[in-house]
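Computed from the coordinates by the stated procedures, all read-outs in this text should not be read as laboratory data. This one's a predicted model, so the numbers in the text were calculated from it and none came from an experiment. Note that we place each Cβ from the backbone using ideal geometry, even for glycine, and neighbour counts take in every protein chain shown.
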Amino acid sequence: MEQSSNNTILEVKNLKKYFPITKGFLRRTAGHVKAVDNISLKIKKGETLGLVGESGCGKTTVGRCILRVYDPTDGEIRFQGQDIVKLPYNKNRALRRKIQLIFQDPYGSLDPRQSAGSIVGEAIKIHKICDNKQTHKKRVEELFTLVGLDPEMASRFPHEFSGGQRQRIGIARALSCDPVFIVCDEPFSALDVSIQAQIINLLQDLQQKLGLTYLMIAHDLSVVRHISDNVAIMYLGHIVEIADWREIYERPLMPYTQALLSAVPIPDPIVEKKRERIILEGDVPSPINPPSGCPFHPRCWKAAPDCSKEIPELREISPNHLVACIRV
Amino acid sequence: MSEADLETWPEQGQNKRVSEFQRFLRVMFGRWLVIFGTFVIVLTVFVALFAPQLAPYNPNKVNLREMIEPPSAKHLLGTDEMGRDLLSRVIYGSRIAVSVGIVVVCIAGVIGMSLGLIAGYFGGWIGTMIMRFMDALMSLPPLVLMLAIAVMLGGGIAKVYVALGIAFMPTYCRLMCGEILSIKENDYVMAANVIGAGHIRVMFSHLVPNAFPPLFVMITLDLGFAILAEASLSFLGIGINPPTATWGAMINSGQQYLLTNPLLSIVPGVAIVLLVLAFNLVGDGLRDALDPRLRGKI
Ligand SMILES: Nc1ncnc2c1ncn2[C@@H]1O[C@H](COP(=O)(O)OP(=O)(O)O)[C@@H](O)[C@H]1O
Ligand SMILES: [Mg+2]
């Protein structure tokens, strides 16, 4: 246990993020969107944690709290042993650089009035990583090559690139800060399938070359399978199951995970035909007024009366497999 | 790596690449009206700069023996009620027009846009205060506001600049604030934050450049409207003091002689109309040329 905590690069403890809903002229708080409600997770250096859940369940909010774009309502975020929530801004800046972000939308995430080269070189300027123009230019070229772009294209503007190329520019920008941890917020979902594969390969290559750690956010289980060491399933602001990817795919315990998994196509047509699909009834409840007890119980076919009483804790069912369900 | 190559080195583009600036020029000057507008503006600025060389007479020289004369070889456009050469006065009037346009738009633009940037970026109570103040200014009809400020400050060209500058400021502030509010929601602004950019960098290298194109169009249009507003003030006899040749004041004094020598009002009137029209034409051209939907196309 002691050893494994040494390896832990990021640890989130009881993180909560409530967005206030304001009403009227005086902006009085009328309630809260409980976007993230008491989640904890750990990521080891060099590993990838997949964070999967339907859209609106709070995945992006978790990522942004880790990036310190949002101030968490409560909880701890320990990065390399330091609680970055409490750290003063100036110290934070040096540390923040080590945590970077890859966006979902390759169009909105690049400034249309900046050339590709200056997008990638901006952080190098801000942090004074290179001391003269020559080394700056060289570093930018290096980053372009690293993500599979032709350095000749540095003078072009974002609209001159394809979606996949733009995503590569975004990746190069993230890498320009020499990060150790990258939050990838659905980096594939806006891309064509063929290009998805290329970007997945690129991210895996980079992870090996640079020893990066990823939080890989996705809204379904199909993409995350290829790249995650562990997978956390999120529902309505809660983490309902965490296990290593093989366990999640072969022995999902939480009914919600089973439902999500049944939506993933299986490449083998015989298995595909035989398997049963679980189609969930009803809609995801509103995070403003979440159901009592287990957040999933109103839609769960295994729900018992006790399910609505208390929010179930994550319990370790087998080594490294945690489930928040009293029926398991 | 061969897989990646396919996507990374594109088949399209390489040779028929058109730079942003070339595209801008092509759209901008693709229409005759825009070229015409540009020509009128350039000509007016030229005339204003070289007025002493171009004007045949001193514009303020009173000559009571040659009052209200029709055009002649000696006075190409005739003379006014005090025997001053009309052509010289129109030429000198362009100096006031051009300087009013530039100075007023600079005052209104710099102050208005800065306040709008602060209000839009920081928001909070500072933003609310700035925007309420602008609302108060805008609640008055612009001409009434200008009259009130001009009367309050008294005459003189500097006061006219200030009065018009304040009257033109709120639209800049509002437009800038609105632009910033929408632009700051873009992912690339968050990206700048995440890589460690401070407020100043975010504002001046990401927000302002993206907010500027629509403001640029407005600046062009306002150059014309400021000239028109100054003419209105001069026409009403408020603002710039009498002997100075301004087009608005010339129309005003000329209207008493509309039947004897209509040129006295018509010539400065046409000058104003042409110049304001020119700024509008160029503004329209700019609007098209800066249209983001046309980016990357010709
Ligand atoms: N800035 C915000 N202000 C208010 N509510 C927000 C904000 N960001 C997200 N939310 C709400 O929080 C919930 C989770 O959002 P998000 O984290 O974006 O989900 P996901 O990324 O899983 O789709 C949603 O209900 C969303 O409406
Ligand atoms: Mg999201």
Within chain A, excluding any trypsin sites (Lys or Arg not before Pro) found in a DSSP loop (not H, G, I, E or B) and having at most 14 other Cβ atoms within 10 Å, the longest uninterrupted segment runs A:129-274
Listed residues A:317, A:200, A:270; largest mean-square fluctuation, Gaussian network over chain A with Cα springs below 10 Å, found at A:270
Each label sits 7 Å from Cα toward the beta-carbon; between residue A:40 and residue A:7 the label points are separated, in nm, by 2.0
Any lysines whose Cα falls less than 24 Å from that of residue A:91, other than same-chain ones fewer than 8 residues away, would be A:13, A:16, A:17, A:42, A:44, A:45, A:125, A:128
Of the residues B:127, B:57, A:194, the Cα lying farthest along the dipole of the protein assembly as shown towards its positive end, which is defined by charges on the beta carbon of Lys, Arg, Asp and Glu, belongs to B:57
In whole angstrom, the spacing between the Cα centers of segment B:102-168 and segment B:243-294 equals 24
The simple spin-label model distance between residue B:23 and residue A:74, using points 7 Å out along Cα→Cβ, in nm, is 5.1
Longest principal axis of chain A (C-alpha) makes with the long axis of helix A:163-175 (C-alpha) an angle, in degrees to the nearest 10, of 80
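Among A:177, A:300, B:106, which comes first, then next, by fewest other beta-carbon atoms within 10 Å?
Numbers: A:177 22, A:300 19, B:106 13.
Lowest to highest Cβ neighbour count: B:106, A:300, A:177.
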Rounded to 0.05, the calculated FRET efficiency for the beta carbons of residue B:185 and residue B:81 at R₀ = 56 Å is 0.40
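Quick one: if the Förster radius is 30 Å, what FRET efficiency do residue A:220 and residue A:288 give, using the C-beta to C-beta distance and rounding to 0.05?
Computed FRET efficiency for residue A:220 and residue A:288: 0.75.
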Total charge of the residues flanking residue A:259 in space, meaning their Cβ is under 13 Å from its Cβ, with Lys and Arg +1 and Asp and Glu -1, is -1
Between the Cα axis of helix B:32-49 and the main Cα principal axis of chain B, the angle (0 to 90°, nearest 10) is 60
Measuring from its Cα centre, segment A:7-117 shows a charge dipole (+1 at each Lys and Arg Cβ, -1 at each Asp and Glu Cβ) which, in debye to the nearest 20, is 380
With a Förster distance of 45 angstrom and the Cβ-Cβ distance between residue A:90 and residue B:132, calculated FRET efficiency to the nearest 0.05 equals 0.85
If every Lys and Arg gets +1 and every Asp and Glu gets -1 at its Cβ, then about the Cα centre segment A:256-328 yields a dipole, in debye to the nearest 20, of 200
Cross-link reach from residue A:86 to aspartates and glutamates, straight Cα distance under 12 Å and at least 8 residues apart if same chain, gives A:71, A:74, A:76
Under the rule rounded for a/c under 1.5, else prolate if a/b exceeds b/c, else oblate, using alpha carbon gyration tensor axes a ≥ b ≥ c, segment A:256-328 is classed as oblate
Sites removed, the longest contiguous part of chain B containing no DSSP-loop trypsin sites (Lys or Arg not before Pro) with at most 16 other Cβ within 10 Å is B:75-294
Each label sits 7 Å from Cα toward the beta-carbon; between residue A:310 and residue A:178 the label points are separated, in nm, by 4.9
